[in-house]
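Mind looking over this structure? Questions follow.
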Amino acid sequence: MSAAITTVSTTPFDGQKPGTSGLRKRVVVFQQEQYTENFIQAIFTAMPAPGAQGATMVVGGDGRYYMRDVVQKIIRIGAANGIARFIVGQDGILSTPAASAIIRKHAADGGIILTASHNPGGPSADFGIKYNTRNGGPAPEAVTDAIYAATRCIAEYRQVALDAPVDLATLGRQRFAGFDVDIVDSTADYVELTKTIFDFDAIRRFRQQTPGFSLLFDALNGVTGPYARRIFVDELGFGEGALAQCTPLEDFGGCHPDPNLTYADKLVARVASEKISLGAASDGDGDRNMVLSHDWFVNPSDSVAAIAHYAAECIPYFQRNGLRGLARSMPTSCAIDRVAAAKGLELFEVPTGWKFFGNLMDAGRLSICGEESFGTGSDHIREKDGIWAVVAWLNILAHANQAQPGATIRSIMRDFFQTYGRNYFTRYDYEEVAAEGAAQMIDAVRAKGPALIGQTINGFTVAAVNDFEYTDPIDHSVSRNQGLRVIFDDSSRIIFRLSGTGSEGATVRIYIERFDATQFDLDAQVALKPLVNAALEISELSKYTGRNEPTVIT
């Protein structure tokens with residue numbers, strides 16, 4: 001096919017600054033003439049050395065509305081900027097973890113992932129574009145800053161004029177003048193990698209020997225459906241009844257594809273009513289997870305800590321490679337800290353955003369990490385990985401049942417608390433509040449910080465108030481103002497933070513944590529109620545946001 005290059009004049013758009021997970025806006029914003037083209041060109045302009053010329057680029061997304069149109073734009077603009085090879089998931093579909101795996105396996109120079117993650121999809125909902133670098137992980141701040149700088153001074157973009165759209169449905173290589181497009185099986189490389197990590201034979205034996213065990217995985221009509229079918233049904237032998245909402249849909253079937261107790265309510269109800277042994281869900285692009293049973297919800301902070309505890313005992317990948325370090329995002333509970341201390345491992349506390357784990361992994365100092373926002377993963381790729389976490393729990397259950405037949409998620413977590421104590425944790429989200437009021441609230445808490453020290457609020461005495469600042473131990477870059485912390489003298493914490501993952505307004509997140517060495521069976525909301533009330537008193541949230549109730553409680 002012919003591929004003549006044309007140059008198109010353009011002008012900058014305001015607000016094309018990538019957040020922690022790329023650029024996210026409403027679909028109608030991306031559909032503005034030249035808006036998407038400008039941002040794509042900025043990515044290729046800002047690609048780290050040696051740049052776009054002769055490079056290989058992985059492209060795919062979560063199947064949401066407008067994705068396939070943007071895949072075509074990326075190919076046309078990328079080819080005009082010198083990209084020599086595109087590796088594209090069939091029909092444009094690639095989960096975020098799969099994209100990372102493909103970048104790493106094929107030594108690609110980077111990838112563009114089309115997703116707004118756990119945000120809703122459809123013509124009136126959200127879209128997103130994220131650039132990952134050649135290590136398979138999200139672009140670091142230096143690169144996203146360069147992309148933003150390029151969007152602010154852009155005057156033109158280049159694109160090839162193709163005779164017809166690229167065929168995204170047919171597997172195989174398509175050759176064009178000056179570049180190739182390889183359409184690949186969206187699941188193959190990811191499934192192959194997953195089989196090298198976990199003990200699939202042990203999980204199959206566990207399933208066969210435990211006929212009463214039941215699995216229910218809900219993809220929320222997001223991208224993980226095909227991956228779940230390949231792994232849970234084809235490889236591990238669970239029936240089709242173990243899958244729910246596993247067909248990727250452009251609008252996620254009206255679901256809000258966020259795997260938490262509020263938005264995955266259909267799964268939660270089925271797990272309870274059908275007494276499911278292991279219920280799980282993932283989000284729109286497949287990098288988040290929720291794990292629960294009919295009698296226990298595994299808080300994400302506890303989940304990553306439990307996986308870290310068992311990893312070297314039963315997961316082949318860590319038995320081969322060992323555990324080199326553990327990490328969590330700052331707001332995540334300190335449960336994993338206790339595992340690290342017991343096992344003599346380095347523990348890293350980083351800002352929210354998976355990109356902060358990448359340098360540690362690349363330096364060989366980090367094996368397992370997690371975020372309280374339902375993100376869990378390891379150094380097998382450079383993204384959090386929803387399916388990985390679910391298979392990890394299956395592996396742990398298979399292992400625990402060898403020593404203690406009948407072991408359940410609840411009993412495993414009970415044993416964990418007996419060993420380490422319990423870090424009670426909750427998060428209150430106030431979504432799409434007025435950005436100005438949210439910022440004023442944070443500023444007000446920061447200003448009153450010194451006066452809070454020494455005060456006793458609802459029985460908790462304030463020991464410190466500070467903004468979290470992180471110095472990367474590998475490249476020594478500094479990230480400031482990553483969350484406002486109120487720390488009490490018993491190690492309890494309240495954290496206030498504005499999230500960058502929404503497409504409109506601001507999301508206020510309040511994180512609350514308290515450790516208990518002896519009481520493990522309290523309801524988290526009951527255990528943390530005095531601290532919740534203290535957080536609302538300190539922040540005066542209702543005054544600044546007009547909200548009296550959170551959108552989501554985790």
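So which residues in segment 126-142 are surrounded by 20 or more Cβ atoms within 10 Å (Cβ to Cβ) and aliphatic (A, V, I, L, M), if there are any at all?
Answer for segment 126-142, where residues must be surrounded by 20 or more Cβ atoms within 10 Å (Cβ to Cβ) and aliphatic (A, V, I, L, M): Ile129, Ala139.
May I ask you to list the residues in segment 491-516 that are over 18 Å from Phe374 (Cα atoms), open to solvent by 30 Å² or more (accessible area, probe 1.4 Å) and either modelled with pLDDT under 95 or polar (S, T, N, Q) (or both)?
Hits for segment 491-516 are Ser491, Glu504, Gly505.
Let me ask something else about it. Would you mind telling me which numbered condition in (1) open to solvent by 30 Å² or more (accessible area, probe 1.4 Å); (2) part of a loop (DSSP other than H, G, I, E, B); (3) not aliphatic (A, V, I, L, M) Asp145 fails?
Only one criterion in (1) open to solvent by 30 Å² or more (accessible area, probe 1.4 Å); (2) part of a loop (DSSP other than H, G, I, E, B); (3) not aliphatic (A, V, I, L, M) is unmet by Asp145, namely (2).
Please specify each residue of segment 414-434 satisfying the condition of being assigned to a strand (DSSP E or B) and either modelled with pLDDT of 95 or more or in contact with a Lys or Arg (Cβ under 8 Å, 6 or more places away or on another chain) (or both). Step through it out loud before you land on a result.
Going through segment 414-434, the residues assigned to a strand (DSSP E or B) turn out to be 422-433.
Selection gives Arg422, Asn423, Tyr424, Phe425, Thr426, Arg427, Tyr428, Asp429, Tyr430, Val433.
Could you tell me whether segment 241-263 includes any residue that is farther than 30 Å from Arg68 by Cβ, surrounded by 18 or more Cβ atoms within 10 Å (Cβ to Cβ) and modelled with pLDDT of 95 or more?
no
Go through segment 432-452 and give me each residue that's within 17 Å of Val508 (Cα to Cα), touching a residue at least 24 places away in the same chain (Cβ under 8 Å) and surrounded by fewer than 17 Cβ atoms within 10 Å (Cβ to Cβ). Working first, answer last.
Just the residues of segment 432-452 that are within 17 Å of Val508 (Cα to Cα), to begin with: 432-446.
Still in the running and touching a residue at least 24 places away in the same chain (Cβ under 8 Å): 432-435, 437-442, 444-446.
The answer is Glu432, Ala434, Ala435, Ala439, Gln440, Ala444, Arg446.
Let me ask something else. Taking the options Val268, Val304, name whichever one is touching a residue at least 24 places away in the same chain (Cβ under 8 Å) and over 23 Å from Arg229 (Cβ atoms).
Being touching a residue at least 24 places away in the same chain (Cβ under 8 Å) and over 23 Å from Arg229 (Cβ atoms) holds for just one of Val268, Val304, which is Val304.
Check segment 534-553 and report whether any residue there is basic (Lys, Arg) and under 22 Å from Phe297 (Cα atoms). Talk me through it step by step, then tell me what you get.
Step one: list which residues in segment 534-553 are basic (Lys, Arg), which gives 543, 547.
So of that shortlist, the ones also under 22 Å from Phe297 (Cα atoms) come out as none.
No, there is no match, as no residue in segment 534-553 is basic (Lys, Arg) and under 22 Å from Phe297 (Cα atoms).
Mind checking which residues of segment 282-301 are more than 13 Å from the chain's Cα centre (by Cα) and touching a residue at least 24 places away in the same chain (Cβ under 8 Å)?
Start the filter on segment 282-301 by keeping residues that are more than 13 Å from the chain's Cα centre (by Cα), which leaves 291-299, 301.
Matches in segment 282-301: Val291, Leu292, Ser293, Asp295, Trp296, Phe297, Val298, Asn299, Ser301.
Looking at Arg175 and the list (1) open to solvent by 50 Å² or more (accessible area, probe 1.4 Å); (2) farther than 25 Å from Ile5 by Cα, which single condition is not satisfied?
(2)
Just to be sure I understand the filter: pairs with C-beta atoms under 7 Å, separated by 6 or more residues or on different chains, first member in segment 1-17 and modelled with pLDDT under 95, second member acidic (Asp, Glu) and open to solvent by 60 Å² or more (accessible area, probe 1.4 Å). Which pairs pass?
Once the first residue is modelled with pLDDT under 95 and sits in segment 1-17, its partners that are acidic (Asp, Glu) and open to solvent by 60 Å² or more (accessible area, probe 1.4 Å) give Met1/Asp163; Ser2/Asp163.
Based on what the data block shows, is Thr36 surrounded by 21 or more Cβ atoms within 10 Å (Cβ to Cβ), more than 20 Å from Gly137 (Cα to Cα) and either hydroxyl-bearing (Ser, Thr, Tyr) or touching a helix residue (DSSP H, G or I) at 6+ places or on another chain (Cβ under 9 Å) (or both)? If you could, list the steps in order and put the result at the bottom.
Values: surrounded by 21 or more Cβ atoms within 10 Å (Cβ to Cβ): yes; more than 20 Å from Gly137 (Cα to Cα): yes; either hydroxyl-bearing (Ser, Thr, Tyr) or touching a helix residue (DSSP H, G or I) at 6+ places or on another chain (Cβ under 9 Å) (or both): yes.
Here the answer is yes, as Thr36 does meet what is asked.
Here's a follow-up. Look at segment 453-466 and say how many of its residues are free of Cβ contacts under 8 Å to residues at least 12 places away in the same chain and among the polar types (S, T, N, Q). It would help to see each step written out before you state the result.
Going through segment 453-466, the residues free of Cβ contacts under 8 Å to residues at least 12 places away in the same chain turn out to be 454-456.
This time we only want the ones that are among the polar types (S, T, N, Q), so: 455-456.
Of the residues in segment 453-466, 2 are free of Cβ contacts under 8 Å to residues at least 12 places away in the same chain and among the polar types (S, T, N, Q).
Among the residues of segment 203-212, is any surrounded by 21 or more Cβ atoms within 10 Å (Cβ to Cβ) and under 30 Å from Lys275 (Cα atoms)? Spell out the reasoning first.
Of all residues in segment 203-212, those surrounded by 21 or more Cβ atoms within 10 Å (Cβ to Cβ) come to 203.
Filter once more, keeping what is under 30 Å from Lys275 (Cα atoms): 203.
The answer is yes, given that some residue of segment 203-212 is surrounded by 21 or more Cβ atoms within 10 Å (Cβ to Cβ) and under 30 Å from Lys275 (Cα atoms).
Identify, by number, the condition in (1) more than 28 Å from Gly239 (Cα to Cα); (2) open to solvent by 10 Å² or more (accessible area, probe 1.4 Å); (3) assigned to a loop (DSSP other than H, G, I, E, B) that Lys275 doesn't meet.
(1)
Within segment 148-172, work out how many residues are surrounded by 12 or more Cβ atoms within 10 Å (Cβ to Cβ) and at positive phi.
The number of residues fulfilling the criteria is 0.
Could you tell me whether Ala164 is of a type outside the set (Phe, Trp, Tyr), in a helix (DSSP H, G or I) and touching a residue at least 24 places away in the same chain (Cβ under 8 Å)? Give the steps one after another, and end with the answer.
On the way: of a type outside the set (Phe, Trp, Tyr): yes; in a helix (DSSP H, G or I): no; touching a residue at least 24 places away in the same chain (Cβ under 8 Å): yes.
Judged against the criteria, Ala164 is not a match.
Would you check if Asp472 is acidic (Asp, Glu), in contact with a helix residue (DSSP H, G or I) (Cβ under 9 Å, 6 or more places away or on another chain) and closer than 25 Å to Phe356 by Cβ?
Answer is yes for this residue.
Conditions tested, residue by residue: (1) in a helix (DSSP H, G or I); (2) open to solvent by less than 20 Å² (accessible area, probe 1.4 Å); (3) under 24 Å from Gly82 (Cβ atoms).
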residue	(1), (2), (3)
Ala4	no, no, yes
Gln16	no, yes, yes
Gln32	no, no, no
Gln41	yes, yes, yes
Phe44	yes, yes, yes
Gly54	no, no, yes
Gly63	no, yes, no
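Are any residues in segment 462-479 open to solvent by 40 Å² or more (accessible area, probe 1.4 Å) and in contact with a Phe, Trp or Tyr (Cβ under 8 Å, 6 or more places away or on another chain), and if so, which ones?
Applying the first criterion (open to solvent by 40 Å² or more (accessible area, probe 1.4 Å)) to segment 462-479 yields 463, 466-467, 469, 471, 473-478.
If the condition is that a residue be open to solvent by 40 Å² or more (accessible area, probe 1.4 Å) and in contact with a Phe, Trp or Tyr (Cβ under 8 Å, 6 or more places away or on another chain), then Ala463, Pro473, Val478 are the ones that fit.
In segment 65-93, how many are in a helix (DSSP H, G or I) and either open to solvent by 20 Å² or more (accessible area, probe 1.4 Å) or more than 22 Å from Ala188 (Cβ to Cβ) (or both)? Talk me through it step by step, then tell me what you get.
Restricting attention to segment 65-93, the residues satisfying the condition of being in a helix (DSSP H, G or I) are 67-80.
Those left that are additionally either open to solvent by 20 Å² or more (accessible area, probe 1.4 Å) or more than 22 Å from Ala188 (Cβ to Cβ) (or both): 68-70, 72-73, 76-80.
Of the residues in segment 65-93, 10 are in a helix (DSSP H, G or I) and either open to solvent by 20 Å² or more (accessible area, probe 1.4 Å) or more than 22 Å from Ala188 (Cβ to Cβ) (or both).
For segment 442-474, how many residues meet the condition of being of a type outside the set (Phe, Trp, Tyr) and either more than 29 Å from Ile336 (Cβ to Cβ) or assigned to a strand (DSSP E or B) (or both)? Steps first, please.
At the first step, the residues of segment 442-474 found to be of a type outside the set (Phe, Trp, Tyr) are 442-459, 461-467, 469, 471-474.
Pick out the ones that are also either more than 29 Å from Ile336 (Cβ to Cβ) or assigned to a strand (DSSP E or B) (or both) and you get 443-444, 447-448, 450-451, 454-457, 461-467, 471.
So the answer is 18.
Which fully enclosed strands (runs of 3 or more DSSP E) of segment 304-394 have 2 or more residues being of a type outside the set (S, T, N, Q), under 30 Å from Asn481 (Cβ atoms) and open to solvent by 10 Å² or more (accessible area, probe 1.4 Å)?
Working: elements: 326-329, 347-350, 368-371, 375-378.
So the answer is 347-350.
The values are calculated or read from the model by the stated rules, or taken from the named source; none is laboratory data. Just so we're clear, the structure is a prediction, and the values are computed from it rather than from any experiment. Quick reminder, even Gly has a Cβ in these numbers, built from the backbone with ideal geometry, and neighbours come from all protein chains shown. For the accessible areas, the whole protein counts, side chains as well, though only heavy atoms, and no ligand, DNA or RNA atoms are used. Shrake-Rupley method; radii C 1.70, N 1.55, O 1.52, S 1.80 Å.
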